[in-house]
Protein chains: 2
Amino acid sequence: MKAAGAQIILANTYHLIIQPGPEAVARLGGLHAMMAWDGPLLTDSGGFQIFSLGHGSVAEEIKGNRGAERPRTLIGIDEQGATFRSYLDGAIHTLTPEGSIQAQRQLGADIILVLDECTPYHVDRDYTARSMALSHRWATRSVAEFSRARHGSAGPQALYGIVQGGVYDDLRRQSAQFALDQPTFGHAVGGCLGGSPDEMYDVVAMAMAPLDDDRPVHLLGIGGIQDIWENVAKGIDTFDCVSPTRIARHGGALIRPALSGRARDHINLRNARFRDDQDPLDPECGCYSCAKFTRAYLHHLLKAGEILALQLLTIHNIAFMSRLMNAVREAIRHDDFAAQRQHWLG
Amino acid sequence: MKAAGAQIILANTYHLIIQPGPEAVARLGGLHAMMAWDGPLLTDSGGFQIFSLGHGSVAEEIKGNRGAERPRTLIGIDEQGATFRSYLDGAIHTLTPEGSIQAQRQLGADIILVLDECTPYHVDRDYTARSMALSHRWATRSVAEFSRARHGSAGPQALYGIVQGGVYDDLRRQSAQFALDQPTFGHAVGGCLGGSPDEMYDVVAMAMAPLDDDRPVHLLGIGGIQDIWENVAKGIDTFDCVSPTRIARHGGALIRPALSGRARDHINLRNARFRDDQDPLDPECGCYSCAKFTRAYLHHLLKAGEILALQLLTIHNIAFMSRLMNAVREAIRHDDFAAQRQHWLG
């Protein structure tokens, strides 16, 4: 990750609660020590996966897609917290705002998040308003628990609040105002972002409008190339997303969409047209994978089922995202944002 | 591989014939260029897998184990060569001695092998004698084809002959004498090595007795820690084996058997006893994986199904084998072989 230019890593509290457990991570000295990462580290609250896996498809819902069927593991949500069943051993867990902060304290990341309810796409305004109010009460409890001890297993921590309110302008403003009033280090924009990219950019703009410039703003779960340019234009500072590494594990190498000629954000190396292609994965990239290997070799490794392919593609996709974020920073620094966005997106 | 101390790599002609094909590798500049390996490289003849996959279980037969059931893909062996069906697309291939050399010329390794028939464990002396005679005729044809052009797709190549003769002393001596008379760069010991480690060491001694000291001798398909010490004692110079990387992919880290306290050659990191173990994989190792990570982390990665675990264990196991072979060389250099063998094996 470091060689590929990554400056910060996110770890999933939900998955780490289920295994090996926050106590086990704390016994190993916290996440930094456990995985030998001495850079900044962020954990989410654990809520996203509870609701995502719980409803069966919230991850897709948040981006406006419905349909994917998964086993439902969410048992219930009440004032106290969310109760769910472990997908590993069926054990029942209840995650409360206090419990989430305590777990994240044991995990020991530098940046941690308040617990919120992730509302799915198909719920109505009434549900969204009630859910937002619940998330605000949970945020207040998260802040109180955080204030008890601002140190995790590996040192001092900073807390981010989360702006909710779904796709509704007045609710987003109300939630952003609530977040503003909290003594947090930063803000995150969460919850339903609508059913299309354009709606997402509108929702982010609604959430950003009341926020101050003094605190960093993170956009949860978004990481598409166009989405990054558009949301930075709305004021977002940081992103997290599984897609670069997931695309890699499915045989895809990220490329600049304008370069692809088809506004595509990646090429699929499984495609037969790469069988004899002696170009690097991405002619603009200097990462280990691009410096050493051809598309034809990656195509062969994928066809042969060699896990080396997944590793090399992951290295490239992380290096690509690092280069993209560097380009975004440079564009801001040189007041050249529109031209650079055009250069990347075509 | 280089960082882990590997000095030479073996590539499988059989698998490369099936995909992507030797012509495709040649178009990419040969194996060295294709996989960006600028060190020495060895290919086998392709025969081992034809007979192994063909009979269903020759790999196990050669080591004296019977039983594993696999689809049989060997269609027939005759004077001309071996005919088999691709496990990928059902296409029929015939591998002749000339075809094997031509394929290995296209692959472009530095060291290549003559085609032989790998006789399984359960065949009798008559079959072994007839098979040996066939392998000798195939070796003569391989040498003739090799002499036509000693250059592969990536430069000059050196040819190894193979000593056959199964577990029969007179046949092994006869085959070693045949190998001695061939103008090859080196010798390999192949075919059935008996049903137990002790029988293997006896068979290797039979094959070695007539051989000259001027040419390197390779033992095909063997790579256990004890097997290496015992066979080096019989005069073997080099080995190849999938076991270090296969053990890694099954969650195992190689350790010095004397250190394990139980004469085991590896520990299985899936075992619950490593859950809180903060030692490195191997306290004697300085490889990347051992320098950075604990057994507890590897245990967690394996339980979570993270392919990073397989990568880290592979790095360690390759580094371990490099350290083992270095210890063997140092023991010979310092005339300290018996003591070092004892130190490693207990």
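The values are calculated or read from the model by the stated rules, or taken from the named source; none is laboratory data. Given the structure is predicted, the values throughout are model-derived calculations rather than measurements. Note that we place each Cβ from the backbone using ideal geometry, even for glycine, and neighbour counts take in every protein chain shown.
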Quiz item: Can you tell me which residues in the stretch A:191-206 are under 18 Å from A:G223 (Cβ atoms), in contact with a helix residue (DSSP H, G or I) (Cβ under 8 Å, 6 or more places away or on another chain) and not aromatic (F, W, Y)?
Solution: A:G191, A:C192, A:L193, A:G194, A:P197, A:M200, A:V203, A:V204
Quiz item: What residue, among those in the stretch A:193-211 that are touching a residue at least 40 places away in the same chain (Cβ under 8 Å) and within 15 Å of A:D170 (Cβ to Cβ), is surrounded by the most Cβ atoms within 10 Å (Cβ to Cβ)?
Solution: A:A207
Quiz item: Of all residues in the stretch A:295-346, which are more than 30 Å from B:L310 (Cα to Cα), among the small types (G, A, S) and at pLDDT 95 or above?
Solution: A:A327, A:A331, A:A338, A:A339
Quiz prompt | Members of the stretch B:260-278 found to be of a type in the set (A, V, I, L, M) and either part of a loop (DSSP other than H, G, I, E, B) or closer than 21 Å to B:S322 by Cβ (or both), listed by number | solution = B:A263, B:I267, B:L269
Quiz item: Which one of the conditions (1) within 11 Å of chain B (Cβ to nearest Cβ); (2) under 29 Å from A:A319 (Cα atoms); (3) of a type outside the set (A, V, I, L, M, F, W, C) does A:G46 fail to meet, given that it meets all the rest?
Solution: (1)
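Taking the stretch A:41-79 as the search range and keeping residues that are part of a loop (DSSP other than H, G, I, E, B) and at pLDDT 85 or above, which one is surrounded by the most Cβ atoms within 10 Å (Cβ to Cβ)?
The selected residue is A:S45.
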Exercise. Using the structure shown, decide if A:G191 is within 24 Å of A:A327 (Cα to Cα), part of a loop (DSSP other than H, G, I, E, B) and not aromatic (F, W, Y).
Key: no
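Take A:L31 and decide whether it is within 14 Å of chain B (Cβ to nearest Cβ), crowded, with 19+ Cβ neighbours inside 10 Å and either at pLDDT below 95 or within 19 Å of B:K292 (Cα to Cα) (or both). Before you say what the answer is, go through the steps one by one.
On the way: within 14 Å of chain B (Cβ to nearest Cβ): yes; crowded, with 19+ Cβ neighbours inside 10 Å: yes; either at pLDDT below 95 or within 19 Å of B:K292 (Cα to Cα) (or both): yes.
Answer is yes for this residue.
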Practice problem: Working carefully through the options B:V189, B:V203, B:V167, find the one that is closer than 25 Å to B:C241 by Cα, of a type in the set (A, V, I, L, M) and in contact with a strand residue (DSSP E or B) (Cβ under 7 Å, 6 or more places away or on another chain). | Solution: B:V189
Quiz item: For the stretch A:80-116, which residues satisfy the criterion of being more than 13 Å from A:R141 (Cβ to Cβ), touching a helix residue (DSSP H, G or I) at 6+ places or on another chain (Cβ under 7 Å) and either of a type in the set (D, E) or modelled with pLDDT of 95 or more (or both)?
Solution: A:A103, A:Q104, A:Q106, A:L107, A:G108, A:A109, A:I112
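A:R148 - would you say it is modelled with pLDDT of 95 or more and in the same structural domain as A:C118 (by TED's automatic domain parsing)?
Taking the combined requirement at face value, the residue does not satisfy it.
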Quiz prompt | Pick from the stretch B:1-18, criterion touching a Leu at 6+ places or on another chain (Cβ under 7 Å) and modelled with pLDDT of 95 or more, ranking: farthest from the other protein chains (Cβ to nearest Cβ) | solution = B:I8
Quiz item: Conditions: (1) touching a residue at least 60 places away in the same chain (Cβ under 8 Å); (2) among the polar types (S, T, N, Q); (3) away from chain A (no Cβ under 11 Å). B:N268 meets all but one. Number of the miss?
Solution: (1)
Quiz prompt | Any hit, the stretch A:279-298, residues being assigned to a helix (DSSP H, G or I), closer than 21 Å to A:F239 by Cα, in contact with a helix residue (DSSP H, G or I) (Cβ under 7 Å, 6 or more places away or on another chain) and of a type in the set (A, V, I, L, M) | solution = no
Quiz item: If you take the residues in the stretch A:286-297 that are buried (at least 21 other Cβ atoms within 10 Å of the Cβ) and more than 11 Å from every other protein chain (Cβ to nearest Cβ), which one is farthest from B:M35 (Cα to Cα)?
Solution: A:C287
Practice problem: Filter the stretch A:298-315 down to the residues that are surrounded by fewer than 18 Cβ atoms within 10 Å (Cβ to Cβ) and among the small types (G, A, S), then identify the one that is farthest from the other protein chains (Cβ to nearest Cβ). | Solution: A:G305
Exercise. Consider B:N231 carefully, then state whether it is modelled with pLDDT of 95 or more and over 27 Å from B:A339 (Cβ atoms).
Key: no
Quiz item: Cβ-Cβ below 7 Å, separation at least six or inter-chain, first residue in the stretch A:322-346 and in a loop (DSSP other than H, G, I, E, B), second at pLDDT below 95: which pairs?
Solution: A:G346/A:P257; A:G346/A:A258; A:G346/A:A263
Practice problem: Working only within the stretch A:144-188, note down all residues that are in a strand (DSSP E or B) and either touching a Pro at 6+ places or on another chain (Cβ under 7 Å) or not hydrophobic (A, V, I, L, M, F, W, C) (or both). | Solution: A:H151, A:G152, A:G155, A:P156, A:Y160, A:G161, A:G186, A:H187
Exercise. Within the stretch B:26-40, work out how many residues are out of contact with any strand residue (DSSP E or B) (no Cβ under 9 Å at 6 or more places or on another chain) and assigned to a helix (DSSP H, G or I).
Key: 3
